[in-house]
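A quick write-up on the structure given underneath.
The values are calculated or read from the model by the stated rules, or taken from the named source; none is laboratory data. Here the structure is a predicted model, which is why all the values come from computation and not from measurement. Cβ placement follows ideal geometry from the backbone for every residue including glycine, while neighbour counts extend to all protein chains displayed.
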């Protein structure tokens, strides 16, 4: 089991200290996804922390192949539209 920092502020979804538990089997899938994504530019890598990847994997019922496609599309969209620059 791995303890990782979550950016979630919803107290119903994570413990009040902001940490979530990621079980070893889930961590293996997170690591597999990271290897499938390969090296990422700094701008993209900030969106690929464990808690974020875990949310994407849960959305795809821990199917790494489907999640890899979804994550690549999301990162491509972020690079094209730059939502972080919207004010």
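Assorted remarks:
- Subset of the stretch 42-64 (residues that are farther than 17 Å from residue 23 by Cα and touching a residue at least 12 places away in the same chain (Cβ under 8 Å)): 43, 44, 47, 48
- Residue, surrounded by the fewest Cβ atoms within 10 Å (Cβ to Cβ), within the stretch 1-44, restricted to residues that are modelled with pLDDT of 55 or more, touching a helix residue (DSSP H, G or I) at 6+ places or on another chain (Cβ under 9 Å) and within 24 Å of residue 85 (Cβ to Cβ): 39
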